[in-house]
Each structure stands twice: as structure tokens, then as C-alpha cells.
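Below is one structure, written out as C-alpha cells, with a few remarks after it.
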Amino acid sequence: MSTDNVIAPDYLKDATSLMSEDGSMATSNVWYHGTASSLVKGIKNKGLHGGGDTAWIKRTQGTLQTIGNRTFETQDPVFLTQSKELAYFWAQQRTHSRNVYFQKDETPVVVKVTLNDDDNAKVNPDAGGAALIMEPNNAYVTYIKAIFAANGQDLDDFDPTKADRMIYLNRLGLAYTNDYIPGKFIEVVASDS
């Protein structure tokens with residue numbers, strides 16, 4: 001399945017309610033994370049932590065060794081977004097990758113993360129999103145532009161080398177935390193919620 005034409009199910013469409021007239025998306029202490037169905041049990045039991053998809057990392061490292069490349073250490077943060085609709089894109093990405101590598105029939109899942117004030121203060125804009133903007137025809141940028149257009153907004157082109165860090169959070173919905181998030185703060189977003 002291609003992730004180039006991702007369309008979130010209706011129950012996850014929340015961009016309209018988050019967008020202000022200038023196209024900024026509101027944030028709160030509620031965040032979302034996109035993942036694959038096989039990872040949900042581990043997330044509920046062990047929480048979210050950077051590099052949490054150990055099977056994927058092990059498989060990627062094995063592939064790198066097989067083709068003679070160096071392996072790498074990963075200290076990824078936990079990636080978050082304020083939008084269920086945007087988290088769904090990342091859930092599709094993870095699911096697609098796992099289905100290709102593991103020949104499974106996993107499905108995309110969005111989880112809701114509710115943080116206390118102290119932990120919420122540790123969520124940062126992900127300025128690494130500059131790489132997405134600079135990549136021609138990036139699938140995520142195409143996806144979010146379509147969401148903006150559907151909501152009568154225009155995701156202005158901007159110079160990622162000069163943009164304020166907050167634009168990556170407020171306009172692109174990209175955030176992260178370096179902290180572990182315990183399972184008690186996490187729940188699966190279901191179609192009936």
C-alpha cells in the first residue's frame with residue numbers, strides 16, 4: 001500500500017477544529033502518536049520511548065550489515081503531534097514499513113497521550129521538519145497541504161533555514177519529547193471515541 005495518498009478516517013479528522021484563521025494549529029497537553037497495530041500492546045504495557053520499535057531497528061541494522069554498511073545507534077525521541085489527523089499519516093508510514101519488512105497485515109493506530117504540566121513543558125517543536133520541507137514532493141508536506149486546502153487555508157512556503165522553530169509545531173504539527181511516556185498516560189483512539 002502506498003502512503004502517498006493517505007486519507008484519515010472521519011473519526012480522526014480534527015484539523016478544522018485545531019486551525020485558527022492564520023492556519024496555526026492549537027496545542028494543549030493532549031498529543032497524538034501514530035504507530036502500527038502490533039506495537040500497541042507494548043506501548044500500553046511499557047509506554048512510549050524513543051526507538052521503541054525494536055524489531056524494526058533490529059531488522060534495519062541486519063539489512064545494513066548484510067549490504068556492508070555500518071550500523072548505527074538510535075536515540076530517537078518520542079514524536080508527537082497535536083492532531084489525530086496528522087498522527088494518522090505517521091501511523092500509515094510505520095505500518096507500511098512494517099508490512100513491507102515483516103510481511104504482516106498490520107493496521108495504522110493513533111494513540112492519545114495526555115501529559116501533566118511538567119511533562120508537557122518538555123514537548124518541543126521538531127525543527128528537523130526542515131528536511132521534509134526541503135525534500136521535493138515530500139509525502140507528509142503533500143498530505144498537510146491537502147489538509148490546509150480542505151480547510152480553506154494555505155500552507156505558505158517558507159524558508160526552512162530561516163524559519164522560527166515554532167512554525168514546525170504550529171503549522172506542521174511536528175513535536176517531540178526526549179522523555180519516556182508511561183503507559184498510564186496513553187490510550188488508543190478508537191472510532192467510537
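Each other residue within a Cβ distance under 14 Å of Ala8 adds +1 if Lys or Arg and -1 if Asp or Glu, for a net charge of -1. Accessible surface for Lys104 stands near 120 Å², nearest 10, in the context of the full protein assembly shown (1.4 Å probe). What is the projected area of the convex hull of the Cα atoms of segment 110-193, averaged over all directions, in nm²? Here the figure is 7.2 nm², rounded to one decimal. The 1.4 Å probe gives accessible areas that order Met166, Met19, Met25, largest first, as Met166, Met19, Met25. Between segment 1-48 and segment 152-193, the C-alpha centres lie 9 angstrom from each other. Cross-link reach is defined here as a Cα-Cα straight distance under 23 Å, omitting same-chain residues fewer than 8 places apart; for Lys41 the lysines meeting it are Lys58, Lys84, Lys104, Lys112, Lys184.
The values are calculated or read from the model by the stated rules, or taken from the named source; none is laboratory data. Please read all numbers here as calculations on a predicted model, not as lab measurements. Every residue, glycine as well, gets a Cβ built from its backbone with ideal geometry; the counts of neighbours run over all protein chains shown. Just so you know, the surface numbers come from the protein's heavy atoms only, side chains and all, with ligands and any DNA or RNA stripped out. Shrake-Rupley method; radii C 1.70, N 1.55, O 1.52, S 1.80 Å.
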